[in-house]
Amino acid sequence: MQKFLRVDVRKQTVNYDPVPDEYKLLGGRGLTARILLDEVDARCSPLGENNKIIFAPGILGGTKAPCTGRLSVGAKSPLTQGVKESNAGGTAGHKIARLGIKAIIVEGKPSDDWFIVVVNKDGARLELANELVNLGNYELSEKLRERFGKKVSIISIGQAGEYCLPVAGVAVSDLEGKPNRYAGRGGMGAVMGAKHIKAIVLDDSGTEGVSYHDKDTFSDICKHIRKGLAENQITGNVFPQYGTSVNIQVVNALGAIPTKNFRYGSYEHAEMISGEKMHDVIMERGGEGKTTHPCMPGCPIMCSNIYPDEQGKTIVAPMEYETMAMFGSNLDIPSLDGIAHLNKLCNDYGIDTIEMGVTLGVAMDGGILAFGDVEKCKELITEISKGTLVGRLLGQGAEILAKVLGAERVPAFKGQGIPAYDPRALKGNIPLYATSPMGADHTCGNSLRVPDPLSPKGKVKASRKLQIGIANIDNLGLCMFAGLVVGGRPDWIKSLVESRYGIDVPDTFVEDIGKEVLTTELVFNERAGFTKDDNRVPEFLQKEPLPPHNTVCDISHEEIRQCLDFGTEL
């Protein structure tokens, strides 16, 4: 029997509640959106007592199904002022599900004290944790693992979250117990910090795990999925060898890689920060370095890595495409070591690397520092950990910094910085960034593999299909890369859900759930004051041609408005 774990930090109470029947087939992003819609005033202050932050595995979380250990973290965003879900790999989603918990819901706001939430098979409790304030995620993780054991999973925030900065993300333990997996986007760390929750400690020791209505059928489908992942060129060959960093060369060749604050779409030093180069460096340095590594239990793709220094000691894990592009080409830092050190600082202080990469690009464009100055970047990121005025300004994100600098070129949609795919050359991402309830977020339906990326033709229809598909993937708790295989087999998804829960679902389940999730998010945003007129493209992206193809965002506002209008045929 699954249950909600409710933590009220104002009353300092922890209770278990039954899960309403209508929530049974909602998990991950679908569940965080529904709880927000049902329980949170959409016009509330994101950092106030009326907002809630929800931690939810998908409906296949805790099972033996490959790649289903994602954890969704949802709240009203202090960055976009709308609904937000950010998800991460790591071990927490798996453990929450094995503990029989459908979602952890944190509500209220305390006065002064800070807390940790401790959850195990015997129950849950709040513990005072004032002595842990001002610790970075790495030191915090070590202290908590020394206290609660090496096998626990930890969800935590760094100093950026404590200061309630919109660039703050939420760290999740990886398989080695390190805080290297991130629910980075949308300021979820700031909401967790506003609740004065420094960490959630999860121990699933002694649990029986999840139950199955038909375990044999479930296991049989899992075998098919593993076989499909192994045979797929991307999930079975490219990603296990190079990880997501292989996209450096791919997106650069498309002319869509952000370069010098989104002024260019190709980078002359792309090869120096490519996945192929990183693979060779890791192999040469050896030691603790790994070219392939799973981000969560039961992941056969293993697209993560551990990047070492010249002595073979770990600098950071993992190095992923978005971080490498946003700190590399976007800031003109053609150094894997330089990017790795910036990545580690962000992990430690609890900062979204994508938003920080966009923000530093705006700062460079505004003359605060020079492009390519990696040491100054380190200094400025460190200012965030100290809570200085400069640090707090940078911690507001790219759009606020641009306003302070009087800059017109703001690479952001709905308050959130554009990730590492310029929509002028990857035109399927124009309607994605403009219409997604999440703002500019590639994880909601990236069009990287949609044919003819420079043509606007058919891209609104393609984006709708992608956004529906990804919303379903996020509801399952499935990795979006596994979706390359599983997404094309709705019959497998139907069988997994039915054999797990003993509930008959229609053949249209995948599309139905995807639309339901998106509609729920859109209704929340409408209640927050957003309309379709807010689905606009920044002016500079419409007017400033992007070399080398010299293209602009040229899908009309009227077409974009129809993208998530499910009553309209495209």
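The values are calculated or read from the model by the stated rules, or taken from the named source; none is laboratory data. Model, not experiment: these values are computed from the prediction. Cβ placement follows ideal geometry from the backbone for every residue including glycine, while neighbour counts extend to all protein chains displayed. Heavy atoms of the whole protein, side chains included, go into the accessibility calculation; ligands, DNA and RNA do not. Shrake-Rupley method; radii C 1.70, N 1.55, O 1.52, S 1.80 Å.
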Tally of residues being at pLDDT 95 or above and either open to solvent by 40 Å² or more (accessible area, probe 1.4 Å) or part of a loop (DSSP other than H, G, I, E, B) (or both) across the range 510-534: 12
Unmet criterion (only one of (1) in contact with a helix residue (DSSP H, G or I) (Cβ under 8 Å, 6 or more places away or on another chain); (2) under 22 Å from Asn87 (Cα atoms)) for Leu522: (1)
Strands (runs of 3 or more DSSP E) lying entirely in the range 262-317 (those with 1 or more residues that are touching a strand residue (DSSP E or B) at 6+ places or on another chain (Cβ under 8 Å) and closer than 30 Å to Phe413 by Cβ): 304-308, 314-316
Single condition Ile54 does not satisfy, out of (1) assigned to a loop (DSSP other than H, G, I, E, B); (2) crowded, with 22+ Cβ neighbours inside 10 Å: (1)
The range 213-239, residues that are touching a Leu at 6+ places or on another chain (Cβ under 7 Å) and either more than 22 Å from Glu320 (Cβ to Cβ) or part of a helix (DSSP H, G or I) (or both): Phe218, Ile221, Ile234, Thr235, Gly236
Residue within the range 196-208 that is part of a helix (DSSP H, G or I), surrounded by 19 or more Cβ atoms within 10 Å (Cβ to Cβ) and in contact with a helix residue (DSSP H, G or I) (Cβ under 9 Å, 6 or more places away or on another chain) present: no
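Conditions (1) part of a helix (DSSP H, G or I); (2) in contact with a Phe, Trp or Tyr (Cβ under 8 Å, 6 or more places away or on another chain); (3) open to solvent by 50 Å² or more (accessible area, probe 1.4 Å), marked per residue:
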residue	(1), (2), (3)
Gln241	yes, no, yes
Thr244	yes, yes, no
Gln249	yes, no, yes
Ala253	yes, no, yes
Ile257	no, yes, no
Filter result for the condition that a residue is closer than 26 Å to Gly82 by Cβ, part of a helix (DSSP H, G or I) and without any contact (Cβ under 8 Å) to a residue 40 or more places away in the chain, over Val390, Val404, Val358: Val404
Test: residue in the range 13-20 that is modelled with pLDDT of 95 or more and surrounded by 23 or more Cβ atoms within 10 Å (Cβ to Cβ): no
Top-ranked residue of the range 129-188 - restricted to ones that are of a type in the set (Lys, Arg) and surrounded by fewer than 24 Cβ atoms within 10 Å (Cβ to Cβ), ranked as nearest to the chain's Cα centre (by Cα): Lys178
